[in-house]
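Engineer: So that we are looking at the same thing, I have put the structure below in structure tokens.
The values are calculated or read from the model by the stated rules, or taken from the named source; none is laboratory data. This structure is a prediction, so every number in the text was calculated from the model and none was measured. Here the Cβ is made from the backbone with ideal geometry for all residues, glycine too, and neighbour counts use every protein chain on show. Heavy atoms of the whole protein, side chains included, go into the accessibility calculation; ligands, DNA and RNA do not. Shrake-Rupley method; radii C 1.70, N 1.55, O 1.52, S 1.80 Å.
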Amino acid sequence: MINRYYPMKYLLLITVIMILSNCASVRSPEGGPLDEIPPTLLGTSPEVLTNIEPEQKITIRLSEYLKESSLKNSLHVYPMHAGEIRHEFRGDKIDVWLPKNLKNDTTYILIIDTGLADEHGIAIEKDLSIPFTMGSTFTSSKIEGDVYGNIDRGNLLLWRGILSHDEMLERDPDYIANLIDDSYTFDYLPIDDFSILAIEQYGSNIDYTKGPYALYHQKFISTKNASLKNVNFLMNKVSNTEEPETDSLEVIVESDNEGVKTADLSGTVLGKFLHPIKMLLQNDSHTYITPVNLDGSYVINDIIGGKYQLFIYEDRNNDDQLNMGSFIDQTYSEKFYVYPDSLSCRANWELELPSWNYQKEIK
């Protein structure tokens, strides 16, 4: 006699096997690797932005689809007198209508800053600069340098012309550069005189007299003879707490251990500074200042171990500080040079540097 339930049992067994097989199978996780590559500039249309008309439309092509909200405050045009721009988001493209207040003899720069990100939130690594002009050629002067110190971010402000301290505070800058890895660049500049200022953050309502900020050691800089390199600044965060008075070589050590092991540094410098000149050794935690002897020699003792930057500067007022200028006192920075390499000072080491001719650092 044939069991009429056999086909049903057989079907149930097959179903159970299939379910168990699916549960035991190994599947690749959904999605792919995380996108960590920032967008890059592929080009523009027109390809070369010369002989441009006011309010002309240009198209910017990037390597990835963009996050639309990141465009809102990322597009700027310098010099700032050009006026506002309009833009339209198109995935991996941006249509931009240029300002209407353009001048025939000026190269403008459309800046896309590091606020721009792709659809996954990965921001571009450095500002993108796109020059355009109503003329047939771009101006090509450049000003670049570094900002030393312990600030986390910074802006460089540049005005065309020679401005007083008060005029710097009253007038908007013509150009703004972001600090990227402690360096900045102004490109496509005209051949002219400029006033320059380093600040922690730009904003129309920021009171720069409350810092941190740094003026240059000259009233103005000029690209009339050549582009400028090593237009450097030193800018440290303003401390909110009062520190006890110390002499020029004493360091505040946050420890009661009197047996802290330290290092010594010595060397000689060559150049044409007028005395008094000082050596400044600094990192985020400690600062040491010592005078340079008439023969160019110097010694810094009792250095807490760490990585440091070494400076030489004219201490005009002999106050054992490298002053970076003041809007209140109407002064400019004291002139300084930076040792080309950072220094690692280790406990119980006596480090003797080779003779440093700092004037060779001028370019």
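Engineer: Dividing the convex hull volume of the Cα atoms of region 59-153 by its residue count, what figure in Å³ per residue is obtained? Write out the running numbers ahead of the final one.
Structural biologist: Values: hull volume 12.1 nm³, N = 95.
Expressed per residue, the convex hull around the Cα atoms of region 59-153 is 127 Å³.
Engineer: Over region 256-363, give the accessible area per residue in Å² for a 1.4 Å probe, as an integer.
Structural biologist: On the way: 6020 Å² over 108 residues.
Averaged over the residues of region 256-363, the accessible area is 56 Å².
Engineer: Sticking with this structure for a sec: Based on Cα positions only, what radius of gyration and what Dmax would you give for region 275-363, in angstroms?
Structural biologist: Using the Cα atoms of region 275-363, the pair Rg, Dmax is 13.7, 44 Å.
Engineer: Here is a further query. Amide H to amide H under 5 Å from residue 335: which residues, 5+ apart in sequence or cross-chain, H placed 1.01 Å off N in plane?
Structural biologist: 314
Engineer: Follow-up. In whole Hz, what ³J(HN,Hα) sequence does region 167-174 give by Karplus (6.51, -1.76, 1.60; θ = phi - 60°), x for Gly and Pro?
Structural biologist: Result, rounded to whole Hz: 5, 4, 6, 8, 9, 5, x, 7.
Engineer: If I compute solvent accessible area with a 1.4 Å probe over the protein chains, what percent of it on region 97-165 is carbon and sulfur? Could the numbers behind the result be given before it?
Structural biologist: Values: 1220 of 2940 Å².
Using a 1.4 Å probe with all protein chains present, region 97-165 comes out at 41 percent carbon and sulfur.
Engineer: Here is a follow-up. To make sure I understand the rule: partners must be aspartates and glutamates, Cα under 13 Å from the Cα of residue 261, and not fewer than 8 residues away in the same chain. Which ones qualify?
Structural biologist: Within the straight-line cut-off, residue 261 pairs with 302, 350.
Engineer: If you don't mind, there's one more thing I want to ask. List the lysines whose Cα lies under 29 Å from the Cα of residue 335, skipping any in the same chain that are fewer than 8 positions away.
Structural biologist: Here the lysines satisfying the reach criterion relative to residue 335 are 142, 210, 219, 224, 229, 237, 272, 278, 307, 360, 363.
Engineer: Moving to a separate point now. Rounded to the nearest 0.05, what FRET efficiency do residue 63 and residue 140 give with R0 = 22 Å and r taken as the Cβ-Cβ distance? Could you check? If you can, show how the numbers build up before the last one.
Structural biologist: Working: r = 26 Å, r/R0 = 1.20.
The calculated FRET efficiency here is 0.25.
Engineer: Can you tell me which lysines have their Cα less than 25 Å from the Cα of residue 93? Leave out same-chain residues fewer than eight positions away.
Structural biologist: Partners found: 57, 67, 72, 126.
Engineer: Per-residue accessible area for residue 221 at 1.4 Å probe radius, Å² rounded to 10?
Structural biologist: Residue 221 has an accessible surface of roughly 10 Å² with all protein chains in place.
Engineer: Taking amide H positions as placed in the peptide plane 1.01 Å from N, state which residues far from residue 64 in sequence (5 or more) or on other chains have amide H under 5 Å from it.
Structural biologist: Under 5 Å from the amide H of residue 64 lie the amide H atoms of 40, each far enough along the sequence or on another chain.
Engineer: Ranked from highest to lowest mean number of other Cβ atoms within 10 Å per residue, what is the order of the peptides 143-149, 163-169?
Structural biologist: Result, highest mean first: 143-149, 163-169.
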